[in-house]
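> After the structure tokens below, expect a handful of questions from me.
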Amino acid sequence: MTAPATSAIVLDFETTGLSPNQGDRAIEIGAVKLENGQVVDRFQSLMNPGFRVSSFIEGYTGITNNMLSHAPSCDEVMSEFVDFIGDANLVAHNASFDKRFLDAELDLIGKGYGGEFACSLLVSRRLNQEANSHKLGDLVAYHNIANDGVFHRALADAEVTASLWLLLVNSLTENHAIAQPSFELMQKLAKQPKASVGKFLTKHK
DNA sequence: TGCCAGGCCCTCTTTAGGGCCTT
């Protein structure tokens with residue numbers, strides 16, 4: 001019995017840069033817990049990486065060094081976050097990015113998690129091949145997803161990613177007659193060659 | 001001073017290069 005795709009934790013990190021291997025750290029985590037397609041819980045916290053972030057990151061995220069100076073440490077926040085996610089499956093937009101930071105931050109505190117990742121970006125590229133762009137902000141506009149106008153903040157991005165994810169999952173039911181798509185099906189869909197997506201979806205009706 | 005991410009995906013491909021995404 002595999003988990004339904006509509007039950008997962010959708011998360012988003014704001015970070016000091018693109019690569020934990022180059023010393024970049026998380027500065028904010030935002031997440032929403034979905035159960036059967038409903039948001040049942042949320043998690044959000046800034047975290048102090050222990051060094052100053054660049055002016056680019058301050059401008060990009062709106063998260064300032066002053067804000068971070070009052071925030072709890074990454075260790076403290078990630079320790080609470082690992083309890084929040086438990087063994088739930090995880091979703092993120094361009095999940096390989098968020099997975100790298102989650103893994104790196106949890107390595108530093110000697111903790112882990114039991115769930116698996118799925119990627120809304122890869123699924124979107126397959127289900128909406130006609131879309132010009134699969135950037136999160138562009139997909140929000142493309143699908144008319146409700147939002148509060150805030151982007152590049154962790155909880156706001158996690159909220160719209162969750163809406164996008166549910167829209168993608170539901171489109172399998174509405175447009176492809178796949179009742180209750182499983183999380184595993186979404187993971188497999190994300191790996192399909194674009195040209196065989198139609199065949200794949202027909203096979204899984 | 002010079003270095004500078006990683007994975008996916010397409011194509012004028014596979015002995016490679018470059019755009020898209022994430023901050």
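The values are calculated or read from the model by the stated rules, or taken from the named source; none is laboratory data. Please read these numbers as outputs of a predicted model, since none were measured by experiment. Every residue, glycine as well, gets a Cβ built from its backbone with ideal geometry; the counts of neighbours run over all protein chains shown.
> Of everything in region A:171-201, what is within 11 Å of DNA strand B (Cβ to nearest atom) and either outside any helix (DSSP H, G or I) or touching an Asp or Glu at 6+ places or on another chain (Cβ under 6 Å) (or both)? Give them in sequence order.
Within region A:171-201, A:GLN192, A:PRO193 qualify.
> Now, a different point. Any residue in region A:71-87 that's under 17 Å from A:ASN48 (Cα atoms): show its pairings with residues that are among the β-branched types (Val, Ile, Thr) and not in a loop (DSSP other than H, G, I, E, B) at Cβ separation under 7 Å, as long as the two are six or more apart or on different chains.
If the second residue must be among the β-branched types (Val, Ile, Thr) and not in a loop (DSSP other than H, G, I, E, B), the pairs left are A:VAL77/A:ILE29; A:PHE81/A:ILE29.
> Can you find, within region A:142-170, the residue that is nearest to DNA strand B (Cβ to nearest atom) among those that are within 21 Å of A:THR64 (Cβ to Cβ) and among the charged types (D, E, K, R)?
The selected residue is A:ASP157.
> So, one more: For A:LYS194, are the conditions met, namely being more than 23 Å from A:ARG42 (Cα to Cα), among the charged types (D, E, K, R) and over 18 Å from the mean Cα position of the chain (by Cα)?
It is true that A:LYS194 is more than 23 Å from A:ARG42 (Cα to Cα), among the charged types (D, E, K, R) and over 18 Å from the mean Cα position of the chain (by Cα).
> Further question: Only residues that are of a type in the set (Gly, Ala, Ser), farther than 16 Å from A:LEU121 by Cβ and touching a residue at least 24 places away in the same chain (Cβ under 8 Å): list them for region A:175-201, please.
A:ALA177, A:SER182
> Okay, next question. Mind checking which residues of region A:7-32 are surrounded by fewer than 20 Cβ atoms within 10 Å (Cβ to Cβ) and within 15 Å of A:SER120 (Cα to Cα)?
Residue satisfying the conditions is A:SER7 alone.
> If you don't mind, another one. Which of the following residues is of a type in the set (A, V, I, L, M, F, W, C) and within 14 Å of DNA strand B (Cβ to nearest atom): A:LEU11, A:LEU34?
Result of the check over A:LEU11, A:LEU34: A:LEU11.
> Suppose the filter is away from DNA strand B (no atom under 16 Å from the Cβ) and not acidic (Asp, Glu); does A:SER96 pass it? Outline the logic, then answer.
Values: away from DNA strand B (no atom under 16 Å from the Cβ): no; not acidic (Asp, Glu): yes.
No: the conditions fail for A:SER96.
> Could you tell me whether region A:118-141 includes any residue that is within 18 Å of A:VAL10 (Cβ to Cβ), at pLDDT 95 or above, out of contact with any Cys (no Cβ under 6 Å at 6 or more places or on another chain) and away from DNA strand B (no atom under 16 Å from the Cβ)?
No, that holds for no residue.
> If we only count helices (runs of 4 or more DSSP H) wholly inside region A:71-168, which ones have 1 or more residues that are crowded, with 17+ Cβ neighbours inside 10 Å, hydroxyl-bearing (Ser, Thr, Tyr) and under 13 Å from the mean Cα position of the chain (by Cα)?
Working: elements: A:74-85, A:95-108, A:120-127, A:136-142.
Output list reads A:120-127.
> Only one of these conditions is not met by A:ARG25: (1) more than 10 Å from DNA strand B (Cβ to nearest atom); (2) under 18 Å from A:VAL160 (Cα atoms). Which number is it?
It fails just one condition, (2).
> Based on what the data block shows, is A:THR202 among the β-branched types (Val, Ile, Thr) and surrounded by 13 or more Cβ atoms within 10 Å (Cβ to Cβ)?
Numbers: among the β-branched types (Val, Ile, Thr): yes; surrounded by 13 or more Cβ atoms within 10 Å (Cβ to Cβ): no.
No: the conditions fail for A:THR202.
> Determine which single condition A:ASN132 fails, assuming it passes every other condition in (1) within 16 Å of A:PHE84 (Cα to Cα); (2) free of Cβ contacts under 8 Å to residues at least 24 places away in the same chain.
(1)
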